Amino acid sequence: MNTSVSHIAIRKVTADTVADTDDVLATEEPLEIRINYGKADARIQKNLSVTMRTPGADTELAVGFLFTEGIIRQYSDVKGAFTIPDNIVQVVLKEDVELDLAKLERHFYTTSSCGVCGKSSISAIQTVCNVDAGSDELLIPSSLIYKLPDMLRQQQAVFDSTGGLHASALFDAAGSLILLREDVGRHNALDKLIGAALQAGIVPMDNHVLLLSGRASFELIQKAAMAGIRIVAAVGAPSSLAAQTAAEFGMTLIGFLRGERFNIYTGNQRIAV
C-alpha cells in the first residue's frame with residue numbers, strides 16, 4: 001500500500017461540465033522525532049521535533065534532521081532508529097555520544113512549508129558544519145546541468161500522480177542519479193536524502209550535485225552545506241539569504257534551471273560554460 005498518496009472524492013467543475021470523480025493527493029501527516037541518549041545506566045528520552053511530512057523514509061528523515069541540525073556528527077553516532085505506532089520515530093544514540101544540551105533545548109517545530117518558523121532569530125537557526133570535505137576540484141559542464149531536471153522528473157512517480165511533492169535529487173559528477181527523495185515539505189525531502197546518504201556512507205557529498213525541484217531557501221542551503229555539498233541547483237528561485245549563505249560556505253548556487261538556461265548566483269568557477 002502506498003501511504004505517500006491519498007485518494008479523495010471530489011467534484012470537478014469546468015465552464016461546461018460538473019462531474020463527480022476521484023483525485024490523488026500527496027499525503028501529509030505529522031511525524032514526532034524522539035531521541036534516546038545518555039549513559040547506559042541513566043538513559044534519557046526526549047521528544048525533539050514534530051514535522052509535517054509525507055510518510056515514507058521516516059528513519060532517514062529523522063537521522064538526516066539530527067545531522068543537519070548538528071545534534072549528531074556522523075551516522076556512527078546512531079545505535080538504532082525505528083518507527084513506532086502513531087507516527088513516531090525514535091533514534092537511539094550510542095552511550096558515548098556527547099550532546100550539546102543547548103541544541104536540545106531549542107524549540108523545534110517545523111511545518112511542511114517552513115522548517116524554521118517560530119525560531120526567534122537568524123543566530124538561532126545557524127548550525128556549524130562538521131564535515132571535512134576533500135580537495136575542491138569539481139567542475140561540471142553546463143550541458144550536464146541542463147539535463148538534470150528532466151532526469152529528475154523521469155523518476156518522480158509520486159509527483160506525476162499528485163503534483164504536490166517536492167524532490168531532492170543527488171547526482172554524481174557524471175550526471176548519474178544517486179539518490180532521490182520526495183516529501184510534501186522541501187526541507188523534509190532534503191533531510192530524507194541526507195539521512196539516506198549518511199546510511200550509505202557517502203557523506204561528505206563534495207563530488208556531487210544536489211538538485212532541488214523548487215526554490216532554494218536559506219535552510220536548504222545550510223542543510224546542503226552540512227553534508228559537504230558544493231553545487232546546488234534549483235528549478236526555482238533562490239532567496240537572498242540562500243545566496244548569501246552559499247557564498248559564505250563557498251558553494252555554487254544555481255537557480256531558475258529550466259530548459260537550456262540557468263543563473264549562477266555564487267561559485268561560478270565550478271561550472272564550465
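For beta carbons closer than 8 Å, sequence separation of 6+ or different chains, a first residue in segment 134-153 that is polar (S, T, N, Q) and a second that is at pLDDT below 90, the qualifying pairs are S142/V273. The residues in segment 219-244 that are outside any loop (DSSP other than H, G, I, E, B) and among the small types (G, A, S) can be counted, and the count is 7.
The single condition from (1) without any contact (Cβ under 8 Å) to a residue 12 or more places away in the chain; (2) assigned to a loop (DSSP other than H, G, I, E, B) that D206 fails is (1).
Checking each residue of segment 80-99 against the condition of being assigned to a loop (DSSP other than H, G, I, E, B), among the acidic types (D, E), at pLDDT 90 or above and more than 19 Å from the chain's Cα centre (by Cα) gives at least one match.
From the list A243, A233, A216, the one residue that fits, being more than 16 Å from E60 (Cβ to Cβ) and either outside the structural domain of Y146 (by TED's automatic domain parsing) or surrounded by fewer than 24 Cβ atoms within 10 Å (Cβ to Cβ) (or both), is A243. Looking at segment 1-65, what strands (runs of 3 or more DSSP E) fall wholly within it and have at least 1 residues that are touching a Phe, Trp or Tyr at 6+ places or on another chain (Cβ under 9 Å) and at pLDDT 90 or above? Per the criteria, 29-37, 44-53. Report yes if A196 is surrounded by fewer than 21 Cβ atoms within 10 Å (Cβ to Cβ) and on the phi < 0 side of the Ramachandran plot, otherwise no. Taking the combined requirement at face value, the residue does not satisfy it.
For segment 245-260, the set of residues classified as on the phi < 0 side of the Ramachandran plot and either in a strand (DSSP E or B) or in contact (Cβ under 8 Å) with a residue 12 or more places away in the chain (or both) consists of T245, A246, A247, F249, M251, T252, L253, I254, G255, L257, R258, E260, listed by residue number. From the list E248, E219, E260, exactly one residue is out of contact with any Pro (no Cβ under 6 Å at 6 or more places or on another chain), acidic (D, E) and over 21 Å from G70 (Cβ atoms). Which is it? Just a single option satisfies the conditions, and that option is E260.
The values are calculated or read from the model by the stated rules, or taken from the named source; none is laboratory data. Not measured: the values here are computed from a predicted model. Don't worry about glycine lacking a Cβ; one is built from the backbone with ideal geometry, like all the others, and counts go over all protein chains shown.
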